[in-house]
Amino acid sequence: MKISPASPGARIVALGEYQPANIVTNADLAARVDTSDEWIQSRVGIRERRVAGPEESVVDMAVIAGGKALAAGGLAPEDIDLVIVATCTQEDQIPNASASVAARLGIPSPGAFDVNAACAGFCYALGVANDAVRAGSARNVLVVGAEKLSQWIDWTDRTTCVIFADGAGAAVVSASEEPGIGPVVWGSSGERADKIYMRENKYLYQEGQAVFRWTTTELYPVALEALERAGVAPEELTAFVPHQANLRIVESIARKLGAPQALVARDIVTAGNTSSASVPLALSRMIGRGELPSGSTVLTMGYGAGLAYAAQVLRVP
Amino acid sequence: MAYSDKEILDGLGEIIDEIAGVPAGDVTPEKSFVDDLDIDSLSMVEIAVAAQDKFGVEIPDDQLKDLKTVQDVIVFIQK
């Protein structure tokens, strides 16, 4: 049997992002539920978030972010041979998002599948894309994180409606001589599946204290292992871009990395928690603002329902 | 190893100062975390984790809601 020729490495060549136009401020939420700007900012660090319109789907947002990533990378749709969409908030379970996204972008008959690892989804998908390129199963992969959490939120539940939001981020992963994506460190803790779940099969719910304890005590070793596996010292990091779950979680993990020089993504302040979209959205926006020079080293990490988590080091395109 | 109430109180004072910025001297047994010390539910988790590191006693999340005052935590750790 013959096998595909392998590639020595894979790297992200371009990113793109999309946020719905509708901005929902803390004051808007305080008018609907018993909360306040001060309460929300002190508990989760969010000032405003974006909420998709009723006709705007997960696929719609993924298409826009994915199209921007393709354009930024100078790739034609025909160049893409695999599309992976990380999402857990599609309107329907069937069909998957990725094949529709590919068709809408004019990508001819690529491999297409979705990843559900909740808020860790993009980092899982990026790890799979990296492996697919390196193994020779694909040359150019479009990886998208897209979520419409607003359609799975109880808008009368003040513990969740202030946190979650909508958006999409995308990256193109291509074969390269030099590796630009480090080994993925991933894992799960299914015995705690009941900490983040769908209530009444329609509303996202989480046990805030349990999730906070998990994320602030058990995840920084995962981040450190991703650095170690990539052979990158904490002091070499330009930025830390973790899932934007809650600003206090983000800052707590960041403090434990021993990388005080690293810029820490605080995209949640204006984007809210967009689950699997948050890492590529934050990364794309930071690059857009000129905060991450080309070739600089970034640590990404996703974590969430499952419980599941994944982290890797990557080089900025 | 056993700790005296005073040792636990002093240790909690340091922890609460560090986590919530409340001066250790303000942390007295009768104080309520929420009403007197303005400590929220997430800071309570951080205090529980730090107290576990310091005193070797795990305070599970489902017990946290019953620990309303500093004295409640001292009693819990002593048990």
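Derivation of every value follows stated rules applied to the coordinates shown; laboratory data play no part. In this text the structure is predicted, and so the values were computed from the model without any measurement. Cβ sites come from the backbone with ideal geometry, for glycine too, and all protein chains shown count toward neighbours.
Mind pulling the angle between the C-alpha long axis of helix A:208-218 and the longest principal axis of chain A? Nearest 10 degrees, somewhere in 0 to 90.
40
Just add up the charged neighbours of A:R192: K/R +1, D/E -1, any other residue whose Cβ is under 15 Å from the Cβ of A:R192.
On the way: positive: A:K195, A:R213; negative: A:E191, A:D194, A:E207, A:E218, B:D61, B:D62.
For residues surrounding A:R192, the net value is -4.
For the charge dipole of chain A, defined by +1 on Lys and Arg C-beta atoms and -1 on Asp and Glu C-beta atoms about the Cα centroid, which residue among A:M61, A:A103, A:T238 has the Cα displaced farthest towards the positive pole?
Farthest along the dipole direction, towards plus: A:T238.
Sequence gap at least 6, Cα distance under 8 Å: using those rules, report the relative contact order of chain A to the nearest whole percent.
26
Pull up the cross-link candidates among the lysines for B:K31, meaning alpha carbon to alpha carbon under 16 Å and not fewer than 8 places away within one chain.
Partners within reach: B:K6, B:K65, B:K68.
Taking GluC sites (Glu not before Pro) that fall in a DSSP loop and have at most 15 other Cβ atoms within 10 Å as cut points, what is the longest piece of chain B between them? Numbers along the way, then the final one.
Values: sites that count: B:E30, B:E58.
For GluC sites (Glu not before Pro) (loop position, at most 15 other Cβ atoms within 10 Å), the longest site-free span of chain B is B:1-29.
About its Cα centre, what dipole magnitude does the range A:1-157 give when the only charges are +1 on Lys and Arg Cβ and -1 on Asp and Glu Cβ, stated in debye to the nearest 20? Before the final figure, lay out each step's value.
On the way: 12 positive and 19 negative charges, 147 e Å.
The calculation lands at about 700 debye.
Under 5 Å between amide hydrogens, which residues at least 5 positions from A:S176 or on another chain qualify, with H placed 1.01 Å from N in the peptide plane?
It is A:G9, A:A10, A:R11, by chain and number.
May I ask for the angle, rounded to the nearest 10°, between helix A:220-230 and the longest principal axis of chain A, with both axes built from Cα atoms and the value confined to 0 to 90°?
Value to nearest ten degrees: 10.
Counting DSSP beta bridges with both partners in the protein assembly as shown, what percentage is antiparallel, nearest 5? The partial results should precede the final answer.
Numbers: 39 of 56 bridges.
Antiparallel: roughly 70 percent of the beta bridges in the protein assembly as shown.
Of the trypsin sites (Lys or Arg not before Pro) in the range A:1-49, which ones lie in a loop per DSSP and count no more than 10 other C-beta atoms within 10 Å?
Numbers: sites: A:K2, A:R11, A:R32, A:R43, A:R47, A:R49; in loops: A:K2, A:R32, A:R47.
Loop-located and lightly packed - A:K2.
Along the range A:251-262, what does the Karplus equation 6.51 cos²θ - 1.76 cosθ + 1.60 (θ = phi - 60°) give for ³J(HN,Hα), rounded to whole Hz, x for Gly and Pro?
With coefficients 6.51, -1.76 and 1.60, one gets 6, 5, 5, 4, 4, 8, 7, x, 10, x, 7, 6 Hz.
Quick check for me: using +1 on Lys/Arg Cβ and -1 on Asp/Glu Cβ, what's the dipole size of chain A about its Cα centre, in debye to the nearest 20?
Computed about the Cα centre, the dipole is about 380 debye.
Whole percent per 10 Å bin, from 0 to the bin with the longest distance: what is P(r) over all C-alpha pairs of chain A?
7, 30, 37, 21, 5, 0, 0
Counting only DSSP beta bridges with both residues in the range A:185-316, what percent are antiparallel, rounded to the nearest 5? Don't skip to the answer; put the middle values down first.
Numbers: 16 of 22 bridges.
Percentage antiparallel, nearest 5: 75.
Which is the longest part of chain A that has none of the GluC sites (Glu not before Pro) sitting in a DSSP loop with at most 13 other Cβ atoms within 10 Å? List each step's numbers first, then the result.
On the way: sites that count: A:E55, A:E91, A:E177, A:E200.
That would be A:201-317.
Using only Cα atoms, tell me the angle between helix A:58-73 and the longest principal axis of chain A; keep it within 0 to 90° and round to the nearest 10.
40
Which net charge results when you count Lys and Arg as +1 and Asp and Glu as -1 among the other residues whose beta-carbon is under 15 Å from that of A:E228? Mind showing how you got there, number by number?
Details: positive: A:R229, A:K256; negative: A:E225, A:E235, A:E236.
Charge balance in the 15 Å sphere: -1.
Quick one: of the DSSP bridges fully inside the range A:9-176, what percent are antiparallel, nearest 5? Display every interim value, and only then the final one.
Details: 21 of 31 bridges.
The antiparallel fraction comes to roughly 70 percent.
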